[in-house]
Amino acid sequence: MNKQKHKTPMPAQDPNIRNNNFDEVALGYTKEDAINEAKRCIGCPKMPCVSGCPVNVRIPEFIAKVAEDKMDEAYEILTSTNSLPAICGRVCPQENQCEGKCVRGKAGDPVGVGRIERFVADYHMENVGNDGVEPVTEGPGKGIKVAIIGSGPAGLTCAGDLINLGYDVTVFESLHKEGGVLVYGIPEFRLPKDIVAYEVGTLEKKGVKFVRNVVVGKTMYIKELFDKGFKTVFIGTGAGLPMFMNIEGENLVGVYSANEYLTRINLMKAYLNDYDTPIKKHDKVVIVGAGNVAMDAARCAKRMGAETHVVYRRGREEMPARAEEIEHAEEEGIIFHLLNNPVRILGDEKNNVTKVECVQMELGEPDASGRRRPVAIPGSEFCIETDAVIMALGTRLNNLICETTEGLEMTERGGIKADEETGATSIPGVYAGGDACTGAATVIKAMGAGKNAAAAMHEYMQANK
Amino acid sequence: MHKVVYKKQLSHDMFWMEFEAPYVAEKAKPGQFIIFRVDEYGERIPLTMAASDKDKGTVTLIFQAIGRSTMLLSQLEVGESIVDIVGPLGNPTEVEGFKKVCVVGGGTGNALAYPVAMGFKAAGLEVDMISGFKTKDLIVLEEEFKAGVDNFYLVTDDGSAGEKAFTTQKLEALIDEGKQYDRVVTVGPPIMMKFVNEITKKHGIKTIASLATIMIDGTGMCGGCRITYDGETKYVCVDGPEFDASLVDWDVLIARNAYYMEEEERDRNHVCRLTGGVRYYE
């Protein structure tokens, strides 16, 4: 038992060096670090951490194996419920999930579950690898075809669980690379793309087929998938169209959605010289919003060499981004303007952005979200000069599939209507989950939805054999 | 991989190329577009399809080699391949609810106007076509249009072929002569489409413009293609690419489309000693 009150520190790149490169920020535990941290787990019988995990990772069990230096066994336990541990260990908001419920957190830091998880996955990748992974040829799903639309976290998880049951799984991806938000949204310095490619590669070795450049709803319709012999379909197409504020000047030249800015950098690798996609090197950039996507965009802009400012209408307490992301952004020199809200964007005669006019805000009574409602202070308007503005305000749902699929019901907010427990939609055999249903949420929630749907699809296909 | 199955150079920088893309060809309709990527380092570039053939499983792209990716595309020969073609994207051209239409194409836009005009003919409409080019050497598809539409009007800015006029002048002249169009569809440089709209607005003729903007994914994710339309933000990829020309904020569109002009210029001016064309990395 390790009675140390604080988490074993995770080595990281120095803020003033990392804000000039796209290499991973957090460097990961050594084996000694991981064992030391694992020994902080008291193995409490109630296991509140497990209930805090959307995919119910058997946390105390795998941590106990790490403490005993049995890394292969730890990996087996971890991957029995989580097919993407190297990803979750890096991008899950553990503070609200497993670690948020950890008993050790009552007096000191919780056990660093995410850090240990990452270590176990990385250690396995480095020392065992996936070269020996064999195609799954047997199982209750043998010979039964399943289609998965979208290769983001929901789709990959669903594919992983179904291939393990022996199903014949095909994943359709609209872009030219698999991973969804893991490749186009989350930057390299938080989640190296090699790791995503590795996890996709493992699924491929197990027998999952990936078909790129297929936009279901355009290239192919759901109905046709059934005609082609697929018995069930899982829709994990992710969140859709970026939201804007509907203020003056939002379509000026130099105003981006965070999705566009991040996609240019992460998917298209515009920051590397040998890739063709262009990206501007701005002197100064203003990011609007304070979620994880806003932090990603801000930290990318900083790495592209810009003086980077974040404007957010509420206060520090209300910022939706993970605390760790906000701290990292601050350390890297990003300037925050809290309780400020853009009212319009101004441009020059060529329609290029020149400044953002903001108004100061104060917090009033709590609103529907439970957070205190920001109210503008009259007469407090001021301008921030800038070359570019990146809007990171979330997304609204994309209805490409709903429009072309008769009988597929939508929620009031425009998402695909799916049962929370099973992912079942209004069409028998069609399941859905992740941001396509809920709007923008987290990687792990999408994975949880993919996992639940896989179980329900399995049950449905076995019953309708 | 998508193999080049046919290639023809139409003018010094215009090319007609057919690619294998069976999934796309299966569904493609006039007015829709694809996004292509030449190689692993490539950009995602949207292009409206000039034609598609379900049986052969091919799509036809007619394009001007003007930026890095279109130049690389133009250097491919029959038998060579590109890595990605995704589509069909966007909504097909609306062909119902009117009888007599005038299609106005400018420069490269004529290539994109061609499937639209043919789509109208196939739907049984009466189609007049005004094709405008800067000069004689740049003319494309003259024979195809002549054979396909009811009345074909060729104009050039310098009078080196056809009538010496701008497309807008020809359109106004035809309307003044008494031609009754219940719709005008225009494809070409935004500045031309803007002026086409100004003429038709005077005469109360509904005008549809086919827009080409900067895009990445083409499915409504990045928002790069957005325009200001009737005071609201619309996405060319999923809401378009065709819009009522009278509601488009043309100045915003023109400015946004010019965003990467410097980069384009730089690529155009760099002559690589290895390729004889654009710079090739590695």
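If only one of B:Ala147, B:Ala117 is surrounded by 21 or more Cβ atoms within 10 Å (Cβ to Cβ) and either out of contact with any Ser or Thr (no Cβ under 9 Å at 6 or more places or on another chain) or not assigned by TED's automatic domain parsing to the domain that holds B:Val185 (or both), which one is it? If you could, list the steps in order and put the result at the bottom.
Details: B:Ala147 fails: surrounded by 21 or more Cβ atoms within 10 Å (Cβ to Cβ).
It is B:Ala117.
Evaluating B:Thr186 against the criteria (1) more than 14 Å from chain A (Cβ to nearest Cβ); (2) free of Cβ contacts under 8 Å to residues at least 60 places away in the same chain; (3) among the polar types (S, T, N, Q) leaves one unmet condition, (2).
Does A:Val285 fit the bill of being touching a helix residue (DSSP H, G or I) at 6+ places or on another chain (Cβ under 7 Å) and either facing chain B (nearest Cβ under 9 Å) or open to solvent by 50 Å² or more (accessible area, probe 1.4 Å) (or both)?
Working: touching a helix residue (DSSP H, G or I) at 6+ places or on another chain (Cβ under 7 Å): yes; either facing chain B (nearest Cβ under 9 Å) or open to solvent by 50 Å² or more (accessible area, probe 1.4 Å) (or both): no.
Considered against the rule, which asks whether it is touching a helix residue (DSSP H, G or I) at 6+ places or on another chain (Cβ under 7 Å) and either facing chain B (nearest Cβ under 9 Å) or open to solvent by 50 Å² or more (accessible area, probe 1.4 Å) (or both), A:Val285 comes out as no.
The residue of the stretch B:83-120 that is farthest from A:Asn213 (Cα to Cα), among those that are within 14 Å of chain A (Cβ to nearest Cβ) and not in a strand (DSSP E or B), is B:Pro92. Here is the figure for the stretch B:150-169: residues that are in a helix (DSSP H, G or I) and open to solvent by 20 Å² or more (accessible area, probe 1.4 Å) total 2. Scan the stretch B:209-218 for residues that are open to solvent by 20 Å² or more (accessible area, probe 1.4 Å) and away from every other protein chain (no Cβ under 13 Å) and the total you get is 1. A:Gly429 meets each of the listed conditions (1) out of contact with any helix residue (DSSP H, G or I) (no Cβ under 8 Å at 6 or more places or on another chain); (2) farther than 30 Å from A:Val50 by Cβ apart from (1). Scanning the stretch A:51-75 for residues that are open to solvent by 30 Å² or more (accessible area, probe 1.4 Å) and at pLDDT below 95 returns A:Ser51, A:Pro54, A:Asn56.
So, in the stretch A:366-376, exactly how many residues are surrounded by 12 or more Cβ atoms within 10 Å (Cβ to Cβ) and part of a loop (DSSP other than H, G, I, E, B)? Before the answer, list the steps.
Here is the first cut: in the stretch A:366-376, the ones surrounded by 12 or more Cβ atoms within 10 Å (Cβ to Cβ) are A:371-376.
Filter once more, keeping what is part of a loop (DSSP other than H, G, I, E, B): A:371.
Selection size over the stretch A:366-376: 1.
The condition (being at pLDDT below 95 and over 24 Å from A:Ile235 (Cα atoms)) is satisfied by just one residue among A:Thr137, A:Thr79: A:Thr137. Answer yes if at least one residue in the stretch B:232-240 is more than 20 Å from A:His282 (Cα to Cα), at the interface with chain A (Cβ under 8 Å from one of its Cβ atoms), assigned to a loop (DSSP other than H, G, I, E, B) and modelled with pLDDT of 90 or more, and no otherwise. Looking through the stretch B:232-240, none of the residues is more than 20 Å from A:His282 (Cα to Cα), at the interface with chain A (Cβ under 8 Å from one of its Cβ atoms), assigned to a loop (DSSP other than H, G, I, E, B) and modelled with pLDDT of 90 or more. Which residues, taken from the stretch B:45-76, are buried (at least 23 other Cβ atoms within 10 Å of the Cβ), in a loop (DSSP other than H, G, I, E, B) and within 14 Å of chain A (Cβ to nearest Cβ)? Of everything in the stretch B:45-76, just one residue is buried (at least 23 other Cβ atoms within 10 Å of the Cβ), in a loop (DSSP other than H, G, I, E, B) and within 14 Å of chain A (Cβ to nearest Cβ), namely B:Met49. Of all residues in the stretch B:219-232, which are over 18 Å from A:Asn352 (Cβ atoms) and open to solvent by 10 Å² or more (accessible area, probe 1.4 Å)? B:Thr219, B:Met221, B:Tyr229, B:Asp230, B:Gly231, B:Glu232 - these are the residues of the stretch B:219-232 that are over 18 Å from A:Asn352 (Cβ atoms) and open to solvent by 10 Å² or more (accessible area, probe 1.4 Å).
For A:Glu173, the test of being away from chain B (no Cβ under 12 Å), of a type in the set (Asp, Glu) and more than 20 Å from A:Ala388 (Cα to Cα) is failed.
Going by the conditions given, is A:Pro192 in contact with a Cys (Cβ under 8 Å, 6 or more places away or on another chain), away from every other protein chain (no Cβ under 14 Å) and surrounded by fewer than 24 Cβ atoms within 10 Å (Cβ to Cβ)? Even if it seems obvious, please write down each step before you answer.
Details: in contact with a Cys (Cβ under 8 Å, 6 or more places away or on another chain): no; away from every other protein chain (no Cβ under 14 Å): yes; surrounded by fewer than 24 Cβ atoms within 10 Å (Cβ to Cβ): yes.
Taking the combined requirement at face value, the residue does not satisfy it.
For the stretch A:316-362, give me each residue that is in contact with a Ser or Thr (Cβ under 8 Å, 6 or more places away or on another chain) and either more than 14 Å from chain B (Cβ to nearest Cβ) or open to solvent by 30 Å² or more (accessible area, probe 1.4 Å) (or both).
Passing the criteria: A:Gly333, A:Ile334, A:Ile335, A:Leu346, A:Gly347, A:Asp348, A:Thr354, A:Lys355, A:Val356, A:Val359, A:Gln360.
Evaluated against (1) over 30 Å from B:Ala165 (Cα atoms); (2) part of a strand (DSSP E or B); (3) open to solvent by 10 Å² or more (accessible area, probe 1.4 Å), B:Glu40 falls short on exactly one condition, (2). Filtering the stretch A:325-349 to residues that are more than 15 Å from A:Ala388 (Cβ to Cβ) and without any contact (Cβ under 8 Å) to a residue 12 or more places away in the chain leaves A:Glu327, A:Glu330, A:Glu349. Scanning the stretch A:155-164 for residues that are within 16 Å of A:Gly423 (Cβ to Cβ) and not polar (S, T, N, Q) returns A:Gly155, A:Leu156, A:Cys158, A:Ala159, A:Gly160, A:Asp161, A:Leu162.
Counting only helices (runs of 4 or more DSSP H) wholly contained in the stretch A:178-250, the ones carrying 2 or more residues that are more than 30 Å from A:Asn341 (Cβ to Cβ) and not aliphatic (A, V, I, L, M) occupy A:193-206, A:222-227. Only a single criterion out of (1) more than 14 Å from chain A (Cβ to nearest Cβ); (2) over 14 Å from the mean Cα position of the chain (by Cα); (3) open to solvent by less than 10 Å² (accessible area, probe 1.4 Å) is not satisfied by B:Glu80, namely (3).
Quick check on this structure: which one of A:Ile265, A:Ile186, A:Ile222, A:Ile235 is more than 8 Å from chain B (Cβ to nearest Cβ), open to solvent by 10 Å² or more (accessible area, probe 1.4 Å) and of a type outside the set (D, E, K, R)? Show your work before the answer.
On the way: A:Ile265 fails: open to solvent by 10 Å² or more (accessible area, probe 1.4 Å); A:Ile222 fails: open to solvent by 10 Å² or more (accessible area, probe 1.4 Å); A:Ile235 fails: open to solvent by 10 Å² or more (accessible area, probe 1.4 Å).
Just one listed residue meets the conditions, A:Ile186.
For the stretch A:295-310, check the following and say yes or no: at least one residue is in contact with a helix residue (DSSP H, G or I) (Cβ under 9 Å, 6 or more places away or on another chain), within 14 Å of chain B (Cβ to nearest Cβ), of a type in the set (Gly, Ala, Ser) and within 26 Å of A:Pro187 (Cβ to Cβ). Yes - at least one qualifying residue is present in the stretch A:295-310. Report whether or not B:Ser81 is modelled with pLDDT of 95 or more and polar (S, T, N, Q). In short, yes.
Yes or no, residue by residue, for (1) under 26 Å from A:Ala440 (Cβ atoms); (2) of a type outside the set (Lys, Arg):
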| site | (1), (2) |
| --- | --- |
| A:Leu191 | yes, yes |
| A:Gly201 | no, yes |
| A:Lys206 | no, no |
| A:Val211 | yes, yes |
| A:Val215 | yes, yes |
| A:Ile222 | yes, yes |
| A:Val233 | yes, yes |
| A:Ala239 | yes, yes |
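Note on the stretch A:251-262: among residues that are part of a helix (DSSP H, G or I) and within 7 Å of chain B (Cβ to nearest Cβ), the one that is most open to solvent (accessible area, probe 1.4 Å) is A:Asn259. Exactly one residue out of A:Ile427, A:Ile444, A:Ile384, A:Ile401 is buried (at least 16 other Cβ atoms within 10 Å of the Cβ), of a type in the set (A, V, I, L, M, F, W, C), assigned to a helix (DSSP H, G or I) and more than 20 Å from the chain's Cα centre (by Cα), and it is A:Ile401.
The values are calculated or read from the model by the stated rules, or taken from the named source; none is laboratory data. Since we're looking at a predicted model, the values are computed, not measured. Methodologically, a virtual Cβ is constructed for each residue, glycine included, from the backbone with ideal geometry; neighbour enumeration extends over all protein chains shown. Heavy atoms of the whole protein, side chains included, go into the accessibility calculation; ligands, DNA and RNA do not. Shrake-Rupley method; radii C 1.70, N 1.55, O 1.52, S 1.80 Å.
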